[in-house]
1. Can you name the helices (runs of 4 or more DSSP H) wholly within region 202-303 that have at least 2 residues being loosely packed, with under 15 Cβ neighbours inside 10 Å and free of Cβ contacts under 8 Å to residues at least 40 places away in the same chain?
2. Of all the residues that make up region 7-39, how many are farther than 20 Å from residue 140 by Cα, modelled with pLDDT under 80 and buried (at least 17 other Cβ atoms within 10 Å of the Cβ)?
3. Out of (1) more than 14 Å from the ligand (Cβ to nearest atom); (2) on the phi < 0 side of the Ramachandran plot, the odd one out for residue 407 is which?
4. Looking at region 34-79 only, could you name the residues that are assigned to a loop (DSSP other than H, G, I, E, B), within 18 Å of residue 100 (Cβ to Cβ) and either within 16 Å of the ligand (Cβ to nearest atom) or in contact (Cβ under 8 Å) with a residue 60 or more places away in the chain (or both)?
5. On the given criteria, is residue 212 under 22 Å from residue 419 (Cα atoms) and away from the ligand (no atom under 16 Å from the Cβ)?
6. Could you grab me the full set of residues in region 319-345 that are away from the ligand (no atom under 16 Å from the Cβ), without any contact (Cβ under 8 Å) to a residue 40 or more places away in the chain and part of a helix (DSSP H, G or I)?
7. Considering only region 121-174, how many residues are away from the ligand (no atom under 16 Å from the Cβ) and either at pLDDT 95 or above or within 21 Å of residue 88 (Cα to Cα) (or both)?
8. Sort out which residues of region 311-332 are in contact with a helix residue (DSSP H, G or I) (Cβ under 8 Å, 6 or more places away or on another chain) and under 14 Å from residue 293 (Cβ atoms), and write them in order of number.
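The values are calculated or read from the model by the stated rules, or taken from the named source; none is laboratory data. Small disclaimer: the values here were computed from a predicted structure and weren't measured. Glycine also receives a Cβ, built like all others from the backbone with ideal geometry; neighbour counts cover every protein chain displayed.
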Ligand code: F6P
């Protein structure tokens with residue numbers, strides 16, 4: 001039972017995600033516990049601990065099976081007072097290939113990011129996706145009781161909500177957060193099995209996306225694809241065979257307070273000295289930072305091209321400006337992701353080959369796995385945060401940069417095509433990543449902006465990011481769940 005005010009009916013919150021918040025690995029003959037870097041699992045972990053909930057996720061650590069009980073559960077975090085059960089769902093290699101590398105990341109990911117030329121479905125992928133969604137629905141049903149809230153995360157579980165309808169008591173509220181963009185109908189219509197997916201998602205009582213654009217897009221897709229559904233665009237309610245689904249937009253944010261604390265902690269200045277020497281960043285160089293998974297949606301080569309154009313046009317910046325780009329390997333079994341890794345190295349080599357000197361490089365590129373604290377330190381000390389996705393549901397790096405600035409005067413250079421641009425675009429320097437000239441102009445504008453304007457913009461960015469931090473998002477979602485439960489959705 002919950003002791004949190006936001007889940008008033010005493011039900012437990014069961015979080016379901018593909019990635020797990022804790023992963024057990026063999027290291028030097030011992031079992032070690034890893035936490036994935038990044039905002040979402042950390043933010044939700046704090047909530048589940050606070051509200052005494054539980055979590056279900058794919059067990060992908062090589063020692064995960066060694067630590068679970070007969071129900072495939074392990075209590076996490078290790079050695080904490082406020083532990084909760086993490087239930088692992090085991091998948092075979094074939095299932096992972098079809099469900100994760102196949103339908104999730106070679107169909108849904110490119111469709112939702114508008115990258116239709118990247119869509120590559122092979123025949124087993126949909127069956128695997130459906131099969132794994134069944135496995136998760138079973139796991140959820142086993143752990144869910146009357147009055148509970150099931151909180152599904154992301155595009156890996158498009159069919160689970162509908163599958164849960166027949167498996168769960170009526171008073172369980174099912175809600176899902178869709179972390180990636182929802183595209184317009186003209187794009188979504190290219191999605192293989194798109195109608196089944198929409199019907200699957202309409203098993204939710206509450207479906208949440210980041211921004212209103214995605215909400216309208218989703219409603220358009222339902223109206224166009226499902227004749228049996230009735231869409232009320234103003235209220236965001238969809239009536240269909242199984243009942244009513246409410247669609248809302250609540251932007252996901254980061255834990256701004258925690259990030260600022262880390263960025264300002266006494267250890268941070270020593271950490272900064274170490275990072276500066278590790279990456280050969282000269283004392284006086286103006287620093288821009290980019291941090292991304294190596295994904296074709298992130299616009300990393302476009303960013304390097306823009307730095308090249310900047311240095312062509314403004315030779316006075318040679319020796320004075322460096323982009324530190326941190327890239328983390330991602331989804332490498334998919335050829336398009338391996339290509340990104342090669343393309344980024346080629347672009348960086350080209351630009352450095354043109355401009356580098358004995359003691360300066362225009363682009364420092366690393367695939368080192370930096371800790372959250374190291375990233376916040378980089379963000380705190382960077383004159384520019386550069387976030388240039390071709391398309392991105394939200395982009396939490398932009399918000400982390402702002403939070404880590406903690407009252408600083410850095411400038412956020414931000415793609416118009418990131419969801420976060422809908423929230424903070426007018427205080428950032430907006431760019432379009434494919435427009436190399438315009439992007440270079442944006443970098444130049446950011447580098448030459450007067451201090452008073454930089455501070456004013458950063459203060460506005462901080463205000464906006466605080467208003468939608470992780471806690472606000474959680475309150476919005478769980479508050480809406482309670483509201484739906486309390487009022488009852490009209491049948
Ligand atoms: O942005 C969508 C998302 O699924 C996040 O929820 C997740 O943190 C990220 O992509 C990483 O993806 P993956 O789990 O495939 O490494």
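1. On the way: elements: 212-225, 256-264, 267-278.
Helices (runs of 4 or more DSSP H) meeting the threshold: 267-278.
2. Adding up the residues that qualify gives 2.
3. Residue 407 satisfies every listed condition except (2).
4. Just the residues of region 34-79 that are assigned to a loop (DSSP other than H, G, I, E, B), to begin with: 35-38, 52-53, 59-63, 68-72, 77-79.
Filter again for within 18 Å of residue 100 (Cβ to Cβ), leaving 36, 38, 59-62.
36, 38, 59, 60, 61 - these are the residues of region 34-79 that are assigned to a loop (DSSP other than H, G, I, E, B), within 18 Å of residue 100 (Cβ to Cβ) and either within 16 Å of the ligand (Cβ to nearest atom) or in contact (Cβ under 8 Å) with a residue 60 or more places away in the chain (or both).
5. Values: under 22 Å from residue 419 (Cα atoms): yes; away from the ligand (no atom under 16 Å from the Cβ): yes.
Here the answer is yes, as residue 212 does meet what is asked.
6. Within region 319-345, the first condition is being away from the ligand (no atom under 16 Å from the Cβ), and the residues that meet it are 319-325, 339, 342-345.
Applying the additional criterion that residues be without any contact (Cβ under 8 Å) to a residue 40 or more places away in the chain yields 320, 342, 345.
Passing the criteria: 342, 345.
7. Number of matching residues: 28.
8. 325, 326, 327, 329, 330, 331, 332
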